[in-house]
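Below: the structure, in structure tokens.
The values are calculated or read from the model by the stated rules, or taken from the named source; none is laboratory data. Worth saying up front: this structure is predicted, and the values here are computed from it rather than measured. No Cβ is skipped: glycine too gets one built from the backbone with ideal geometry, and neighbour counts run over all protein chains shown. To get the accessible areas, we keep the full protein, side chains included, count just its heavy atoms, and leave off ligands, DNA and RNA. Shrake-Rupley method; radii C 1.70, N 1.55, O 1.52, S 1.80 Å.
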Amino acid sequence: MEIIEIKNLRLGFNCACGFCEAIHNISFSLRKGELHALVGESGCGKTISAMSILRLLPKNAKITGGEIYYDGQNLLNLSEREMNKIRGAKIALIPQDPMTSLNPLYTIENQLLEVIKIHQGLEGHDAYQKAIEALELVQIPCPELRMKSYPHEFSGGMKQRAIIAMALACNAEVIIADEPTTALDVTIQAQIMNLLKEIKEKQGTSILLITHDLALVKENADRISVMYAGDIVESGNNSEFFACPKHPYTIALLNSLPNSGKGRLETISGQPPSIQQGISGCKFHPRCKECMEICVSAKPSETSVSRTHSAKCFLLNKKGVDF
Ligand code: SF4
């Protein structure tokens with residue numbers, strides 16, 4: 001069952017040269033209790049797509065179309081006050097840099113008790129107990145003692161754990177994790193990912209993971225959507241996605257992984273286009289080794305490979321031409 005559903009989302013930015021569309025009519029969902037990874041190179045639109053769920057967008061960004069449903073209600077129709085009740089309490093964000101969420105001037109205890117009071121309405125002993133339980137859930141040792149610490153006294157991994165604890169203390173049903181392990185050592189990365197998986201399994205939390213790291217995705221995600229230049233080009237369940245990728249961009253990304261089994265690592269020539277660049281046809285065509293004549297002028301539509309796997313590429317179904 002879907003807890004988040006994005007339908008035909010369009011979003012753009014007011015730039016010096018005018019309004020530029022950055023997200024082109026994308027649709028995807030997050031099911032209850034699943035970890036769905038949104039994957040792609042920097043600038044492909046994965047973070048802004050996820051942030052549009054929380055309606056936390058830069059001032060010059062504008063959603064121009066589509067719907068974003070959480071538990072059946074279209075978030076784009078809610079007032080700012082109604083959204084504030086959902087942010088943090090129902091849908092929590094784990095950012096790449098935990099210091100953007102933690103206030104350096106307050107102890108972890110202050111900050112945990114504050115969110116518990118706002119989102120759960122608890123105070124005093126009950127709030128304190130809830131805070132301790134949340135810190136225990138994220139495996140922070142000696143929680144009574146560590147609550148007294150300021151964020152700068154925590155390591156990067158501990159700060160991420162404290163943020164996850166805040167989400168759990170509020171009983172958030174959805175966690176949006178935006179490159180949550182990028183700033184951490186490899187061993188700590190694994191610990192945080194294991195923790196997120198444990199929370200998903202034990203608490204039934206749904207997790208939208210934004211990442212460029214396909215190795216991390218292979219280990220942890222139930223479902224994967226690949227973004228390229230503001231569009232979702234391939235989606236599928238973990239097993240079929242990695243066993244049988246269909247889109248040339250996905251295949252190139254997988255072939256560039258160190259453990260891809262290729263003797264020599266492949267690279268993808270060129271750069272992803274900027275949002276100001278108007279590219280006709282398939283947006284990947286200037287970098288695609290399989291590019292055909294049709295790819296330059298026409299956009300491929302979505303083709304189902306199976307009930308749970310689809311991609312946008314003319315190689316899959318030339319009947320899908322959308323002139
Ligand atoms: Fe490559 Fe054409 Fe497929 Fe685009 S549609 S990914 S250019 S083969």
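One decimal place: the segment LYS59-SER306 gains 84.9 nm when fully extended, by the rule 0.36 nm per residue minus the C-alpha distance. Accessible area per residue was computed with a 1.4 Å probe on protein heavy atoms; ASP213 scores about 50 Å².
Going by accessible surface with a 1.4 Å probe and the largest first, THR181, THR64 read THR64, THR181.
How many angstrom lie between the Cα centre of the stretch 119-153 and the Cα centre of the stretch 272-301? Cα centroid to Cα centroid, the span is 51 Å. Using the structure shown, list the pairs from LYS7/LYS85; LYS90/LYS299; LYS7/LYS200; LYS59/LYS85; LYS218/LYS299 with a Cα-Cα distance above 26 Å, or answer none. Distance filter (> 26 Å) returns LYS90/LYS299; LYS218/LYS299. When LYS85, LYS7 are compared by accessible surface with a 1.4 Å probe, the order from highest to lowest is LYS85, LYS7.
Remark: accessible surface ordering of ARG146, ARG264 (largest first) is ARG264, ARG146, probe radius 1.4 Å. Using R0 = 25 Å, the C-beta based FRET efficiency linking SER269 and LYS218 works out to 0.55. Hey, for a label at GLU240 modelled as a point 7 Å past Cα toward Cβ, could you say which residues of the stretch 6-45 have their backbone N under 19 Å away? Output list for this probe position: 27-32, 34-39. Per residue, the chain exposes an accessible area of 48 Å² to a 1.4 Å probe, with every protein chain left in place.
Note on the stretch 224-304: with neighbouring protein chains present and a 1.4 Å probe, carbon and sulfur make up 50 percent of its accessible heavy-atom surface.
Computed on the Cα atoms alone, the convex hull of the stretch 173-278 gives a volume of 134 cubic angstrom per residue. Per atom type, the stretch 1-75 shows carbon and sulfur on 47% of its accessible surface, probed at 1.4 Å. Per-atom-type breakdown for the stretch 93-191 gives carbon and sulfur 53% of the accessible area (1.4 Å probe, protein chains only). Between LYS246 and any residue 5 or more places off or on another chain, the built amide H atoms are never under 5 Å apart. Rolling a 1.4 Å probe over the protein heavy atoms leaves THR182 with an accessible area of roughly 60 Å².
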